[in-house]
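Asker: Before I ask anything, let me first share the structure, which is written out below as structure tokens.
The values are calculated or read from the model by the stated rules, or taken from the named source; none is laboratory data. Small disclaimer: the values here were computed from a predicted structure and weren't measured. Don't worry about glycine lacking a Cβ; one is built from the backbone with ideal geometry, like all the others, and counts go over all protein chains shown. Just the protein is used for accessible areas: all its heavy atoms, side chains included, with ligands, DNA and RNA removed. Shrake-Rupley method; radii C 1.70, N 1.55, O 1.52, S 1.80 Å.
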Amino acid sequence: MVTIESTTEDWSARQYLKFEDERTRPPRDLLAQVPLDDPRRVADLGCGPGNSTELLIERFPNAEVIGVDSSPDMLRQARERLPRCTFVEGDLSTWMPEQGTDLLFGNAVFHWVPDHPRVLARLLQSLMSGGVLAVQMPDNTNEPALMLMEKVAASGPWTAAIAQAQRNDLPRPEDYYDLLRPLCRHIDIWHTHYNHIIENHAGVVEWFKGSGLRPFLAPLDATMRETFTAKYTDEIRLAYPIRSDGKVMLKFPRLFIVAAR
């Protein structure tokens, strides 16, 4: 698989927020494990439309909280949502926190960053003693919804256009541990498997239009997008049975890391 470095289309905050409650649960669970009481400065990395930033402001009302994202549309939505908060455009591959930052919080962003383990190590090293790096990433490349994206991509007129859309598998938890443990006094790594209840198969497709499907659809024209989406929806129907109430259960594994300097 090839890691995505860029695509031709900006992220859509509106599409992402169609499932705001479900998408906000993982950062809420991550934040619950952050061992800080009163940080001075907090950075929300890959802040998206500000839903995770809002959690940080509520948890740490005395802290200076900033949001960082590479998407203008996400930043526009975040500024509308939290007009008193500071949001900046930045590339996490090279971005560095201001001195005195106590918490670097990354919600579902680093799996999109090239060579992200190296970036995580750099960011962790930038923190002073007592600082915390807390991140969560989808670890679902072996789930049917992700594998079917690749299947559809390999079997249509769009194959050449989206040949590099696949996402890398995450490293093993042991690999993160061996990389980050020498840089911190404590590290906690775990998985949570969410079972999201989605209204129907079309809803599953809508979910991934706000994340994993985006790099597959971005290079295509409108007609090919529609055809690709229809074929992917057919595959989703076969892979995810209807439950007893007519809804669909979407299993979604995520990897969590909390490292304290």
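Asker: How are the Cα pair distances of region 139-238 distributed, in percent, across 5 Å bins from 0?
Answerer: Computed distribution, short to long bins: 2, 11, 21, 20, 14, 10, 9, 7, 4, 2, 0.
Asker: Using all alpha carbons of region 105-152, what is the percent of pairwise distances in each 10 Å bin, ordered from the shortest bin to the longest?
Answerer: 23, 40, 24, 11, 3
Asker: Then there's this: In whole percent, and with a 1.4 Å probe on the protein chains, what portion of the accessible area of the chain is carbon and sulfur? Provide the component values of the computation, followed by the final result.
Answerer: Numbers: 5850 of 12140 Å².
Solvent-exposed carbon and sulfur of the chain make up 48 percent of the total.
Asker: Quick one: Cα convex hull volume of region 106-192, Å³ per residue?
Answerer: Per residue, the Cα convex hull of region 106-192 comes to 102 Å³.
Asker: How big is the Kirkwood radius of region 32-184, worked out from every pair of different alpha carbons and given in Å to one decimal? Don't jump to the answer; show the numbers that get you there.
Answerer: On the way: mean 1/r = 0.0591 Å⁻¹.
Over region 32-184, the inverse of the mean reciprocal pair distance is 16.9 Å.
Asker: Placing unit charges on C-beta atoms (Lys and Arg positive, Asp and Glu negative, everything else neutral), compute the dipole magnitude of region 132-200 about its Cα centre in debye, rounded to 20.
Answerer: I would put it at about 140 debye.
Asker: Considering only C-alpha atoms, what is the centroid distance from region 176-244 to region 66-93, in Å?
Answerer: Distance between centres, Cα-based: 23 Å.
Asker: Mind checking the dipole of region 127-261: about its Cα centre, +1 per Lys or Arg Cβ, -1 per Asp or Glu Cβ, Debye to the nearest 20?
Answerer: Values: 15 positive and 15 negative charges, 45 e Å.
Charge dipole, region 127-261, about its Cα centre: 220 debye, nearest 20.
Asker: Further question on the same structure: Among ALA134, LEU124, PRO171, pick out the residue whose Cα is farthest towards the positive end of the charge dipole of region 112-195, where Lys and Arg carry +1 and Asp and Glu carry -1 on C-beta, about the Cα centre.
Answerer: Farthest towards the positive end: LEU124.
Asker: How much area per residue is accessible in the chain when the probe is 1.4 Å and only protein heavy atoms are counted (Å²)?
Answerer: Dividing the accessible area of the chain by its residue count gives 47 Å².
Asker: Give me the three principal axis extents of region 63-131 from the C-alpha atoms, as integers in angstrom, largest value leading.
Answerer: Rounded to whole Å, the extents work out to 33, 28, 17 Å.
Asker: Does anyone have the angle between helix 20-31 and the longest principal axis of the chain? Alpha-carbon axes, 0 to 90°, nearest 10?
Answerer: Long axis of 20-31 versus the principal axis of the chain: about 30 degrees.
Asker: Additional query: Would you work out if region 143-184 is rounded, prolate or oblate? Take a ≥ b ≥ c from the square roots of the eigenvalues of the alpha-carbon gyration tensor; rounded if a/c is under 1.5, else prolate when a/b is larger than b/c, oblate otherwise.
Answerer: Since a/c reaches 1.5 and a/b is larger than b/c, the shape of region 143-184 is classed as prolate.
Asker: Please report Rg (one decimal) and Dmax (integer) in Å for the Cα set of the chain.
Answerer: Expressed in Å, the Cα Rg and Dmax of the chain come to 18.5, 54.
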